[in-house]
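Asker: There's a structure below that I have some questions on.
The values are calculated or read from the model by the stated rules, or taken from the named source; none is laboratory data. These numbers come from a predicted model, not from an experiment. Reconstructed Cβ throughout: ideal geometry from the backbone, glycine too, with neighbour counts over all protein chains shown. Just so you know, the surface numbers come from the protein's heavy atoms only, side chains and all, with ligands and any DNA or RNA stripped out. Shrake-Rupley method; radii C 1.70, N 1.55, O 1.52, S 1.80 Å.
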Amino acid sequence: MNKWILYLALLLGGVLIIMPVEAKKIVPLIPRDVLFGNPDKASPRLSPDGKRMAYLAPVNNVLNVWVKTVGKEDDQPITSDTVRGIRVFFWAWDNQHIMYLQDVGGNENWRLYGVNLENKEFKDWTPYENVQVRVIAHEKDYPHEILLGLNKENPKAHDVYHLDLLTGDLKLIAKNPGDYDDWLIDSHLKVRGASFSRPDGGFDLLIEKAPNTPFEKILSWAYEDSLNSGAVDFSKDGKYLYLKDSRNANAGKLVKLEIATGKTQILAEDPTYDVSGIMVQPDTREIQAVSFERARSEWQILDPSIKKDMKNLKKLNPGDFSIVSRDSADQTWLVAYNNDNQPVAYYTYNRKSGKATFLFYNRKALTKYTLAPMEPISYQSRDGLTINGYITFPLNQTKKNLPMVVNVHGGPWVRDSWGYDPEAQWFANRGYVCLQVNYRGSTGYGKSFVNAGDKEWAGKMHDDVIDGVNWAIAKGYADKERISIYGGSYGGYAALVGATFTPDVFKCAVDIVGPSNLITLIHSVPPYWSTFLANMKRRVGDPDKEVDFLKSRSPLFKVDNIKIPILIGQGANDPRVKQAEAEQIVDAMKKKGLAYEYMLFPDEGHGFARPENRLKFYAAAEKFLAKHLGGRFEPYPETP
């Protein structure tokens, strides 16, 4: 029964009146395992010849790669990871190898592994300790070759290596002098250039104009343009370079640069929003479409040949879609749809017929539940900036005077987006308003907005969050006595800032892998971040020259201000935010007798990859929030 009616008998003026009053339907608790356990299936990818499809799915609760023949039900796992699970994989262009990256315990020293589907042979292609592998390029016309970046010779710099899948030979082909941030590879798998990181935080674009000649600087991006600009790809003939470029503009536009002359042509731009997604035709290497992430993702079509396809896909499903895979004939596409109130849906799309076929939801069990819509919002900061974000309300409750969790995104140089968000659904399902703020410093809104966050950690960036809280209170949505601040990475830092800089605003705080001391954070970043370090120091602060300033923005030195309980989660192997970042503030709180809960995961890094660890932390977090804000929680499972 969808509704049930209570009848209240009211005696008014001596007259008995029977009034129907609609009762609020109780929303079922969504189990934590459904929200945060492994997906049923995810990340489908077509083999280049279109005959097979690979995807991620659990084997004994650990994510592995499965392969099936298109049109048949012969799905089989072809990897056998038993610990962390596989999250990043791809097909080699030879149709024979599945390649994937894996680290140990979250240390981010990725190795490249592969499985030969013909003989089932498993191979560790980069068997080096304490070395990080990056996949740089692999091309359709060179099916047995892959270019990799390895910091094997110098922990600070990734050199380029050529991997031959037929022989297993790994050969150094380009040496990084130490200040190349990225490599540029043309359609023939030739190293044609690099991005050079300058000491002032800006970048130079270096290109080999003629074969076997030294790189030449063809343009420079100032520090102010550094987060909105960069090389995208070469044209097929190698004469042009596609760029994201915010020079002489506020937002990063898509530009086609003629290498020989330096002439540029603007292909797509928006005055406020940076170019986001870029769709490249793998044969011609022409840009077919670009997306701008406004309140939602919106595509701008540049190639008329896909206009009908994109129109068909837009009508198919109300979510925001992206093309996640296509066969080498470019006749079959795999399409992902991201909705706010349902799990991610995957379809296969036939370009010839214009027909799409549903493949699967990544979390089928979620379809049994009604999920909450995510609503775009905006408000004015105290100094006049427009701040955008999203709000998700509990279902079947009046949007008035509710407990609220402010979920601050990490980065900070990323942004929250519309779509399915497991934490937003979790909070709403437990009875909380979920507020997500794209504070200044968030990317996607142009360089003025992102650069407005410089030197504003715990300053105006936090003011934007507090202004969002005040906006929600003024709207009547949030009960000012029941507000929590929550987040991971920078969001974890923001949670600690909330507890130490504005302790009267929040009832409790949850910090996941967040730094507590900006001095030790910057001094301990991984060596391969060295090319970004000058930029980071300008945006956050220089620990060698601005010690007092960074202390003034570090929660560790304001522990005396803490009035609220804090839950802290940390991975012992985190290479970005070291274990010491959590433990130094835990020690300080312990000495002062302050309330805290601390959960250290010995087999995790920057976040919790293993489902058993995620579920353990989220179980503790929702019980913590329920204790302090009064929401619902799913009890721990009974121990047999």
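Asker: Could you list all residues from region 513-524 that are among the β-branched types (Val, Ile, Thr) and open to solvent by less than 20 Å² (accessible area, probe 1.4 Å)?
Answerer: At the first step, the residues of region 513-524 found to be among the β-branched types (Val, Ile, Thr) are 513, 519-520, 522.
Hits for region 513-524 are VAL513, ILE522.
Asker: Check region 147-159 and report whether any residue there is among the acidic types (Asp, Glu) and in contact with a Pro (Cβ under 7 Å, 6 or more places away or on another chain).
Answerer: Here is the first cut: in region 147-159, the residues among the acidic types (Asp, Glu) are 153, 159.
Keeping just the survivors that are in contact with a Pro (Cβ under 7 Å, 6 or more places away or on another chain) gives none.
No, region 147-159 contains no residue that is among the acidic types (Asp, Glu) and in contact with a Pro (Cβ under 7 Å, 6 or more places away or on another chain).
Asker: Considering only region 58-87, state which residues are under 18 Å from VAL335 (Cα atoms), among the small types (Gly, Ala, Ser) and surrounded by 14 or more Cβ atoms within 10 Å (Cβ to Cβ).
Answerer: Once the filter is applied, which keeps residues that are under 18 Å from VAL335 (Cα atoms), among the small types (Gly, Ala, Ser) and surrounded by 14 or more Cβ atoms within 10 Å (Cβ to Cβ), region 58-87 yields nothing.
Asker: Something else about it: Which one is farthest from LYS236 (Cα to Cα), of the residues in region 179-213 that are assigned to a loop (DSSP other than H, G, I, E, B) and aliphatic (A, V, I, L, M)?
Answerer: Residues of region 179-213 that are assigned to a loop (DSSP other than H, G, I, E, B), as a first pass: 179, 186-190, 198-202, 208-213.
Going one step further and asking which of them are aliphatic (A, V, I, L, M), we end up with 189, 210.
Details: LEU189: 11, ALA210: 16 Å.
Filtering first and then ranking leaves ALA210.
Asker: With respect to the numbered conditions (1) touching a residue at least 60 places away in the same chain (Cβ under 8 Å); (2) outside any helix (DSSP H, G or I), which one is the sole condition not fulfilled by TYR390?
Answerer: (1)
Asker: For region 463-505, enumerate the residues that are open to solvent by 10 Å² or more (accessible area, probe 1.4 Å), within 22 Å of VAL559 (Cβ to Cβ) and free of Cβ contacts under 8 Å to residues at least 60 places away in the same chain.
Answerer: ILE466, THR502, ASP504, VAL505
Asker: Between a residue in region 73-89 that is hydroxyl-bearing (Ser, Thr, Tyr) and any residue that is open to solvent by 60 Å² or more (accessible area, probe 1.4 Å) and in a strand (DSSP E or B), which pairs come within a Cβ distance under 8 Å, given they are 6 or more apart or on different chains?
Answerer: Filtered contacts from region 73-89: THR79/PHE122; SER80/PHE122.
Asker: Go through region 609-626 and give me each residue that's touching a residue at least 60 places away in the same chain (Cβ under 8 Å) and closer than 21 Å to ILE485 by Cα. Don't jump to the end; show me each part of the working.
Answerer: Taking region 609-626 first, the residues touching a residue at least 60 places away in the same chain (Cβ under 8 Å) are 609-612, 614-615, 617-619, 621-622, 624-626.
If the condition is that a residue be touching a residue at least 60 places away in the same chain (Cβ under 8 Å) and closer than 21 Å to ILE485 by Cα, then ARG614, LEU615, PHE617, TYR618, ALA619, ALA621, GLU622, PHE624, LEU625, ALA626 are the ones that fit.
Asker: Based on this model, can you work out whether SER328 counts as in contact (Cβ under 8 Å) with a residue 60 or more places away in the chain and closer than 30 Å to ASN95 by Cβ? First the steps, then the outcome.
Answerer: Numbers: in contact (Cβ under 8 Å) with a residue 60 or more places away in the chain: yes; closer than 30 Å to ASN95 by Cβ: yes.
For SER328, the condition - in contact (Cβ under 8 Å) with a residue 60 or more places away in the chain and closer than 30 Å to ASN95 by Cβ - is met.
Asker: Okay, moving on. Run SER442 past the list (1) open to solvent by less than 10 Å² (accessible area, probe 1.4 Å); (2) more than 30 Å from ALA365 (Cα to Cα); (3) not in a loop (DSSP other than H, G, I, E, B) and report the number of the one that doesn't hold.
Answerer: So SER442 meets the others, but not (3).
Asker: Here's something else I'd like to know. Any residue that is among the hydroxyl-bearing types (Ser, Thr, Tyr) and over 30 Å from ASP94 (Cα atoms) - is there at least one of those in region 288-306? I'd like the intermediate steps shown before the answer.
Answerer: Keep residues of region 288-306 that are among the hydroxyl-bearing types (Ser, Thr, Tyr), which gives 291, 297, 305.
With the extra rule that they be over 30 Å from ASP94 (Cα atoms), the set shrinks to 291, 297.
Yes, the conditions are met somewhere in region 288-306.
Asker: When you check GLY168 against the structure, is it more than 30 Å from VAL450 (Cα to Cα) and of a type in the set (Gly, Ala, Ser), yes or no?
Answerer: Details: more than 30 Å from VAL450 (Cα to Cα): yes; of a type in the set (Gly, Ala, Ser): yes.
Yes.
Asker: I've got another one for you. Surrounded by 15 or more Cβ atoms within 10 Å (Cβ to Cβ) and modelled with pLDDT of 95 or more: does that describe ASP49?
Answerer: Numbers: surrounded by 15 or more Cβ atoms within 10 Å (Cβ to Cβ): no; modelled with pLDDT of 95 or more: yes.
No; evaluated as a whole, the condition is false for this residue.
Asker: Then there's this: I'm told SER276 meets every condition in (1) within 24 Å of the chain's Cα centre (by Cα); (2) crowded, with 17+ Cβ neighbours inside 10 Å; (3) among the small types (Gly, Ala, Ser); (4) not in a strand (DSSP E or B) except one. Can you identify the failing condition by its number?
Answerer: (4)
Asker: Conditions first: (1) open to solvent by 40 Å² or more (accessible area, probe 1.4 Å); (2) modelled with pLDDT of 95 or more; (3) of a type outside the set (Phe, Trp, Tyr). ASN317 passes all but one, so which condition is the exception?
Answerer: (1)
Asker: To continue, here is another question. Taking region 541-591 only, how many residues are touching a Ser or Thr at 6+ places or on another chain (Cβ under 9 Å), without any contact (Cβ under 8 Å) to a residue 40 or more places away in the chain and farther than 30 Å from ASN130 by Cα?
Answerer: 2
Asker: For region 109-166, which positions are open to solvent by 40 Å² or more (accessible area, probe 1.4 Å), within 23 Å of SER530 (Cα to Cα) and either hydroxyl-bearing (Ser, Thr, Tyr) or touching a helix residue (DSSP H, G or I) at 6+ places or on another chain (Cβ under 7 Å) (or both)?
Answerer: TYR128, PRO155, LYS156, listed by residue number.
Asker: Within region 47-135, which strands (runs of 3 or more DSSP E) (wholly inside it) include 3 or more residues that are closer than 30 Å to ASP33 by Cβ and touching a strand residue (DSSP E or B) at 6+ places or on another chain (Cβ under 7 Å)?
Answerer: On the way: elements: 52-59, 62-69, 88-91, 97-102, 111-116, 122-124.
The qualifying strands (runs of 3 or more DSSP E) are 52-59, 62-69, 88-91, 97-102, 111-116.
Asker: Additional query: What number goes with the only condition from (1) touching a strand residue (DSSP E or B) at 6+ places or on another chain (Cβ under 7 Å); (2) in a strand (DSSP E or B) that THR531 does not pass?
Answerer: (2)
Asker: OK, next. Of all residues in region 403-414, count the ones that are surrounded by fewer than 23 Cβ atoms within 10 Å (Cβ to Cβ) and either part of a strand (DSSP E or B) or not small (Gly, Ala, Ser) (or both).
Answerer: Residues flagged as surrounded by fewer than 23 Cβ atoms within 10 Å (Cβ to Cβ) and either part of a strand (DSSP E or B) or not small (Gly, Ala, Ser) (or both) within region 403-414 amount to 3.
Asker: Restricting attention to helices (runs of 4 or more DSSP H) lying wholly within region 545-640, give those where 1 or more residues are closer than 30 Å to ILE26 by Cβ. Walk me through how you get there before you give the answer.
Answerer: Numbers: elements: 547-552, 579-591, 611-629.
Of the helices (runs of 4 or more DSSP H) lying wholly inside region 545-640, those with at least 1 residues that are closer than 30 Å to ILE26 by Cβ span 611-629.
Asker: Still on this structure: For region 366-386, how many residues meet the condition of being assigned to a loop (DSSP other than H, G, I, E, B), closer than 23 Å to ASN470 by Cα, open to solvent by less than 70 Å² (accessible area, probe 1.4 Å) and touching an Asp or Glu at 6+ places or on another chain (Cβ under 9 Å)? Outline the logic, then answer.
Answerer: Within region 366-386, the subset assigned to a loop (DSSP other than H, G, I, E, B) is 369-373, 381-385.
In the following step, the residues that additionally are closer than 23 Å to ASN470 by Cα were identified as 372-373, 381-385.
Narrowing the set further to residues that are open to solvent by less than 70 Å² (accessible area, probe 1.4 Å) leaves 372-373, 381, 384-385.
Next, from what is left, pick out any that are touching an Asp or Glu at 6+ places or on another chain (Cβ under 9 Å): 372-373, 381, 385.
Residues flagged as assigned to a loop (DSSP other than H, G, I, E, B), closer than 23 Å to ASN470 by Cα, open to solvent by less than 70 Å² (accessible area, probe 1.4 Å) and touching an Asp or Glu at 6+ places or on another chain (Cβ under 9 Å) within region 366-386 amount to 4.
Asker: Identify, from the list GLU293, GLU286, the residue that is touching a residue at least 24 places away in the same chain (Cβ under 8 Å) and closer than 23 Å to ASN248 by Cβ. Before the answer, list the steps.
Answerer: On the way: GLU286 fails: closer than 23 Å to ASN248 by Cβ.
Checking each option against the conditions leaves just GLU293.
Asker: How many residues, within region 76-103, are over 17 Å from ASP603 (Cα atoms), over 23 Å from the mean Cα position of the chain (by Cα) and of a type outside the set (Ser, Thr, Tyr)?
Answerer: Count: 10.
Asker: Next question. I need the full set of residues from region 279-307 which are assigned to a strand (DSSP E or B) and closer than 19 Å to PRO48 by Cβ, in order please. Don't jump to the end; show me each part of the working.
Answerer: Let us first name the residues in region 279-307 that are assigned to a strand (DSSP E or B), namely 279-280, 287-293, 297-301.
Scanning region 279-307 gives MET279, VAL280, GLN288.
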